[in-house]
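Structure, as structure tokens:
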Amino acid sequence: MHVNPSIVLARLQRVVRERLRPRLYEPLADVSVSAWRVDGDGEPVPSAHALGLDVPADREKPSYVPFAVGDTWGPAWGTTWLRIEGRVPDSALPVELVLDLGWFDHSVGGHCEGLVYRPDGMPVKALHPRNGWVRLTGPGAAPDVLAVDGSFTLYVEAAANPLLLGLPPFVETTLGEKPGPDEPEPYRLVAAQLCAFSPDVFALLRDLEATGDLLPHLDAGEPRYWRVLDAVEAALDATNVLDARAALADVLARPAHATAHRMTAVGHAHIDSAWLWPLRETRRKVARTLTNVLALMDTDPTWVYAMSSAQQFAWVEADHPELFERVRARVVEGRIVPVGGMWVESDAVMPAGESLVRQISYGQRYFAETFGHESEVVWLPDSFGYSGAWPQLARRAGYRWFLTQKLSWNDTTVFPHHTFAWEGIDGTRILTHFPPSDTYAAEVTAAELKHAVTNFRDKTRSDHSLLLFGYGDGGGGPNREMLARTHRFRDLEGAPRVELRAPEKFFADVEAELGDQTPVWAGELYLELHRGTLTSQIAMKQGNRRAEAMLRTVEYLATAAAVRDGVAYPYDELDEAWRTVLLHQFHDILPGSSISWVHREARDTYARLDARLRSLVPGAGAPGRLVGWTVVRAEPAVAPDIDGVLDNGLLRAVIGPDGHVRTLTELRTGRELVIEGGQLGELQLFRDEPVRWDAWDLDRHVLRSPVELTGPVTAEATGDAIVVTRRHGDSTFTTTYAMRPDAPRLDVTVEVDWQEREHLLKLSLPVAVHTMRARYETQYGSIERPTHENTLADEAQYEVCSHRWVHVAEPGLGVGVVNDSTYGCDVRRVPGGTDIRPTLLRAPRFPDPDTDRGRHTFRFAVLAGDETDTRAAADDLNAPQLAALADVEPLMTLDVESGAAVIDWMKLADDRSGDVIARVHETRGGRATARPNLGFDATVTETDLLERPLPPDYDLPVALRAGRLILGPYQIATLRLTPPPSKEC
């Protein structure tokens, strides 16, 4: 008999749509619904308040009023509590309460959600677009819900989160903030009833998915294709569900090929700690997702759920202690696996090195203290690139493996591996895996599995990969449909073998499988996308940089006061400050890709944090800054002459009437630093209209779309500087040039009143240095990148991350550019030299239509010198000015015998023993020898990054040998300085 595959597949879709899905549920009874809209602005209230269990004295008891299917609810960002009352009728099938809060058929994690509570305040299950049910009878029924007579009362905390995911990418929205009082309510209750759930229909649907969805991925020239097709047609011909399942049983029982690819499937929900919703909503998203996970684990004992971010666990612990105890029990069983060991899934390129250390130390310490568990895998599936410092940081913190998949988003080149050894800037390697499904939110479909197998780029060495499945953000995590599919693909001919287990087991197997055949990738993992996140929402970058600098200063001064004067160290205050900074380094906050609500709150938080940290500075004194570990007082700047010339005897700058530096001469050698005919300090404006992701992307064509600044320009000499002011439309730009008396350095301050839309601002600093490569500061070192565009990969790096400095050099001359708060930049060869262009501002329309509007200040320095001079200038420019700072003797210095090494950070130990921790590293990519000199009595030992003694089998280079530090390229050494017992702090 002739079988037409396209007709069978079309028939399958219709049967599923019209015959089977409607039979999954049989309506049994209606329920009674009443509602309470949280008064005021709809901000969430504790469940005990909504349930009338513990109403604050200053709030009225909730008043529930009748509510019906078809009624609207909201407003956007508001909270409505629904009370559901009913009685379960007799049924041979499991009975479920089915609710539809008004979901759309797309953007699963992007709109309204609900959390179902028992009247005693215990969360039962969450409600999401593809998970809108609560089991009341039968296997997996919610416990302690039904009375003896079958009656029940449940409450639903319904969150009216507006749908932003489905919007066109450049449409401005006001929904990034709470709406005004006249805005319509965005959602409508679509369904609320008791239904009998058919396990047989559910199973048949999954059988047909496994076979029907697999068919297009089978070879039509093989018998397997036709046998599956014949079985599907027989199932469609069947007159009842059981016969249909029987028709499919044989093809579903056929085992996978002996050489089939193996996939370890791990349940997961990637929940952004803030993005298209505020931080307060993430707390609820995490609780809802974990409630779903626990409910699903009660019905299926075979699967494992991996969850990252200590902060998210901590939120649940604080908000839902009883729910958290259930989570803890599943962790003990090995069913819920805390992964990542970081406070949040942070941005992975912009935070300072010490910030990444603290992301790890705060996260791992929380996991160890709370669960008795430390993660062995760095888990960063969604950050926008990964610096070359990560392998050393991870290994020195005790990690064995690294996971991401973000480079699958590259817009120019294809990364050559999925499983490989990633080698960092210091030479340390860590086994790294990119799931070849190219997602962290798989649904376990045949198409996903086929793509993963075909896409996997290390087939000659490995046959094993990882699959992360589950709806993220507000989607509720894995659901029963996904789990049912994993069971059918466990061992199925024509598909990879899918096994449910913990990610650590996958990594251990792959590590053993590859052995010394593991391919190596050296250097950073640069994401060829989302380059604009290095600049968007510049206040996030400035707030983070300044908070890091303040913490460095405060921790050192507090340590000195504790060691020298016995002053109590502010452990708790500093812990709170660090947790705040770490949270705001999340990969949609620091990169500037969240709604306006998130960034408004973050700006306020950074301001409060700065004030609090300044209040912790011990002692009193004159104004000053802690540069390195020395107190520096302000010195008067060099006065300009009337002709626009600044000259301090080391450097001479001539500023033209247009406000640009025409010449910048290093007087010791007579070398001119500005390229011939060039102008240093030019502000360059570009139309910034990316094709896909507005706040995220800086597309290549943008840099080919300059906009001339045609407004009036004024330049005048003040008492100690030359000030240039220019206007463009409603924006104003003020550039101030100044020199100090003691350094070959030109300070450039740019103040901007930014009123542009869809434009980008760069500062052009063309210098007369011919070089093929530029060096950029990164965590605990620097990285070289090409200044040319010889290859596609070179060309793709047209906007890159630099921390505090960029340096270019040719024999006999080096020029550094130092910044106080920018990260995005490009450095390119131009006729006569190299143009260094930091990016100052952007003005995308989505998700925040007012991104960066307002006043901003940027400070730069251009200097002649080597990398060491440039680093010293960066230390100086970024050191916070304190109103009152006493002189302080160094706690520790380094006698550098060879090479270059610095003390990066000093603090008291996390264990509160009174020991001092010093973080030291080599700075030039060479080798260094140094001897620590202590300013107080202590013994010195080396620890790992988490301040623990080095184990006997430690397999990384040890720096401390017989009282001397012997450091390899960019090597980090953590030293513990232990005072004698009588001098403990």
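Every read-out reported here was derived from the displayed coordinates using simple, explicitly stated rules and does not represent laboratory data. Being a predicted model, the structure only gives us computed values, none of them experimental. No Cβ is skipped: glycine too gets one built from the backbone with ideal geometry, and neighbour counts run over all protein chains shown.
Observations
- Between ALA234 and ARG17, the FRET efficiency from the beta-carbon distance, with R0 = 30 Å, is close to 0.95.
- Cα centroid separation, segment 9-67 to segment 306-343 (Å): 26
- With each label modelled as a point 7 angstrom along the Cα→C-beta vector, the ASP300-ASP105 pair spans 2.4 nm.
- Sorted peptide list for 725-731, 835-841, criterion being average Cβ within 10 angstrom, highest first: 835-841, 725-731
- Relative packing of 339-350, 105-116, 891-902, which averages over residues the other C-beta atoms within 10 Å, highest first: 339-350, 105-116, 891-902
- Highest-first packing order for the peptide set 145-156, 353-364, 555-566 is 353-364, 555-566, 145-156, based on the mean count of other beta carbon atoms within 10 Å.
- Mean projection area, nm², convex hull over Cα of segment 892-983: 5.8
- Of all aspartates and glutamates in the structure, the ones whose alpha carbon falls short of 16 Å from that of LYS178, not counting any fewer than 8 places away in one chain, are ASP39, ASP41, GLU43, GLU281, GLU601, ASP848, ASP850.
- Applying 1/(1 + (r/R0)^6) with r as the Cβ-Cβ distance of THR630 and ALA512 and R0 = 51 angstrom yields a FRET efficiency of 0.50.
- In this Cβ point-charge picture (+1 for Lys and Arg, -1 for Asp and Glu), the chain has a dipole of about 800 debye about its Cα centre.
- With a cut-off of 20 Å on the backbone N, the residues of segment 487-508 near the modelled label site 7 Å out from HIS257 along Cα-Cβ are 489-499.
- Cα gyration tensor category, rounded, prolate or oblate, for the chain with a/c compared to 1.5: prolate
- Assigned charges on the beta-carbon of Lys, Arg, Asp, Glu; segment 645-880 dipole about Cα centre (debye): 180
- The distance from the alpha carbon centre of segment 567-601 to that of segment 128-197 is 31 Å, rounded to a whole number.
- Each of VAL752, HIS128, GLY398 was placed along the dipole of the chain (beta-carbon charges, centred on the mean Cα), and the one lying farthest toward the positive end is GLY398.
- If you take all other residues with their beta carbon under 14 Å from the beta carbon of ALA147, and give Lys and Arg +1 and Asp and Glu -1, the sum is -2.
- Beta bridges per DSSP with both ends in segment 397-506, % antiparallel, nearest 5: 60
- Nearby aspartates and glutamates by direct alpha-carbon distance to LYS450 (threshold 18 angstrom, same-chain neighbours under 8 apart not counted): ASP207, GLU209, ASP213, ASP219, GLU222, ASP438, ASP458, ASP463, ASP491, GLU493, GLU499
- Between the residues ASN544, PRO519, ALA192, the greatest Cα displacement towards the positive end of the dipole of the chain, with unit charges on the Cβ of Lys, Arg, Asp and Glu, is found for PRO519.
- Global form of segment 509-627, assessed from the alpha-carbon gyration tensor, a/c cut-off 1.5: oblate
- Cβ-placed point charges (K, R +1; D, E -1), dipole of segment 210-312 about Cα centre in debye, nearest 20: 700
- Approximate spin-label separation ALA568-THR710, in nm, with each point projected 7 Å along Cα-to-Cβ: 6.5
- The stretch between ASP120 and HIS770, if pulled fully straight at 0.36 nm per residue, gains 226.7 nm over its current Cα-Cα span.
- Shape call, segment 31-197: gyration tensor on alpha carbons, a/c limit 1.5: oblate
- Charged neighbours of GLU635, selected by a Cβ distance under 15 Å, balance to 0 (K, R count +1; D, E count -1).
- In whole angstrom, segment 129-256 maps to an equivalent ellipsoid with semi-axes of 41, 28, 11, each derived as √(5λ) from the alpha carbon gyration tensor and ordered largest first.
- Stretching ASP911 away from ALA57 to a fully extended chain increases their span by 303.4 nm, per 0.36 nm per residue minus the current alpha-carbon distance.
- Placing unit charges on the Cβ atoms of the charged side chains and taking the dipole of the chain about its Cα centre, the candidate lying farthest along the positive direction among ALA249, ALA235, LEU290 is ALA249.
- Within the shell defined by Cβ-Cβ distances under 9 Å, the residues around PHE846 carry a net charge of -2, with Lys and Arg each +1 and Asp and Glu each -1.
- Look at where the Cα atoms of segment 733-794 and of segment 460-483 average out, and the two centres are 42 Å apart.
- Using 0.36 nm per residue and subtracting the Cα-Cα separation, the extra length available between THR791 and ALA220 on full extension is 201.6 nm.
- Zone residues, segment 145-181, relative to TYR64, backbone N less than 20 Å from point 7 Å out along Cα-to-Cβ: 145-160
- With 32 Å as the limit, the listed pairs LYS505/LYS541; LYS285/LYS907; LYS406/LYS459; LYS125/LYS505; LYS541/LYS907 have LYS505/LYS541; LYS285/LYS907 beyond it between alpha carbons.
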